[in-house]
Amino acid sequence: MVIKKHVKQAPEEAAERPVRDRILSAAFSTFTERGFAEASTLEIATRARASKRELYALFGNKQDMLIACISERARRLRLPVDLPELRDREALRTTLAAFGARLVGVVSEPAVVAMFRLAIAEAARTPDIAQSLNDIGIAASRDSLREIMRRAQSAGLLGGEPAEMAAQFFGLLWGNLMLGLLLGIVERPNQREIDRRAEAASSAFLRAYPELA
């Protein structure tokens with residue numbers, strides 16, 4: 001097994017990055033390592049090579065900073081849908097498999113899993129965090145999939161309600177994978193495994209939802 005060494009940025013390289021980016025990066029690392037309650041603004045500012053005055057000028061308080069961290073990473077879950085014309089079931093299967101592979105690939109990234117863990121850990125104390133994750137990332141992905149289902153339904157390729165069909169596809173795609181990633185009991189799948197998972201979910205979904213008569 002090859003062990004990768006963490007390479008720290010040289011101080012001058014870190015200082016060249018915009019201060020907002022440095023603060024968000026430092027804050028996310030601190031929050032995930034120490035938890036929200038134990039993370040101090042002094043440590044965040046020190047890691048970011050910024051002043052506490054800059055920190056508070058950009059982010060009103062520690063909670064706003066955490067929500068900003070979640071928001072920055074949640075935007076990666078926004079998957080643009082540039083759909084080909086869904087002429088037949090094979091085109092639909094290919095589209096669903098591509099969408100599924102992209103979604104699993106993004107969400108299973110370690111930084112994104114850490115974001116989910118952080119939102120869950122702080123959900124009771126700061127529900128705005130979980131709400132930001134849902135609104136910015138999860139809902140956008142769900143809406144994209146519903147649009148695929150809506151177009152397929154309009155083309156006569158599927159019989160069912162788009163929101164319900166989207167939920168079924170998500171279930172087939174993920175299974176217990178996300179729970180395993182959150183608990184740290186499974187490793188992130190490689191690209192071949194991701195593609196195989198997405199293909200299997202697409203095929204199973206189309207077997208469950210036949211073409212309109």
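Quick grid of which residues meet (1) farther than 23 Å from residue 146 by Cβ; (2) in a helix (DSSP H, G or I); (3) among the aliphatic types (A, V, I, L, M); (4) in contact (Cβ under 8 Å) with a residue 40 or more places away in the chain:
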| site | (1), (2), (3), (4) |
| --- | --- |
| 169 | no, yes, no, yes |
| 182 | yes, yes, yes, yes |
| 193 | yes, yes, no, no |
| 202 | no, yes, no, yes |
| 207 | no, yes, no, no |
| 212 | no, no, yes, yes |
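Among the residues of region 45-68, write down those that are at pLDDT below 90, polar (S, T, N, Q) and in a helix (DSSP H, G or I). Of everything in region 45-68, just one residue is at pLDDT below 90, polar (S, T, N, Q) and in a helix (DSSP H, G or I), namely 63.
Is it true that residue 117 is more than 20 Å from residue 153 (Cβ to Cβ) and surrounded by 14 or more Cβ atoms within 10 Å (Cβ to Cβ)? Judged against the criteria, residue 117 is a match. For residue 103, the test of being in contact with a Phe, Trp or Tyr (Cβ under 7 Å, 6 or more places away or on another chain), outside any loop (DSSP other than H, G, I, E, B) and modelled with pLDDT of 90 or more is failed.
Can you spot a residue in region 30-41 that is in contact (Cβ under 8 Å) with a residue 60 or more places away in the chain, outside the structural domain of residue 152 (by TED's automatic domain parsing) and part of a helix (DSSP H, G or I)? Checking region 30-41: at least one residue is in contact (Cβ under 8 Å) with a residue 60 or more places away in the chain, outside the structural domain of residue 152 (by TED's automatic domain parsing) and part of a helix (DSSP H, G or I).
Please determine whether any residue of region 113-128 is in a helix (DSSP H, G or I) and of a type in the set (S, T, N, Q). Scanning region 113-128 turns up no residue that is in a helix (DSSP H, G or I) and of a type in the set (S, T, N, Q). Of the residues making up region 144-154, those that are crowded, with 16+ Cβ neighbours inside 10 Å and over 15 Å from residue 208 (Cα atoms) are 144, 145, 146, 148, 150, 151.
Only one residue in 177, 157 is buried (at least 18 other Cβ atoms within 10 Å of the Cβ), in the same structural domain as residue 86 (by TED's automatic domain parsing) and more than 19 Å from residue 93 (Cβ to Cβ), so which one is that?
177
Within region 127-161, the set of residues being farther than 30 Å from residue 63 by Cα, among the small types (Gly, Ala, Ser) and free of Cβ contacts under 8 Å to residues at least 12 places away in the same chain comprises just one member, 154.
The values are calculated or read from the model by the stated rules, or taken from the named source; none is laboratory data. All of these numbers come straight from a predicted model, not from anything done at the bench. Neighbour counts are summed over all protein chains in view; Cβ atoms, including those assigned to glycine, are modelled from backbone coordinates with ideal geometry.
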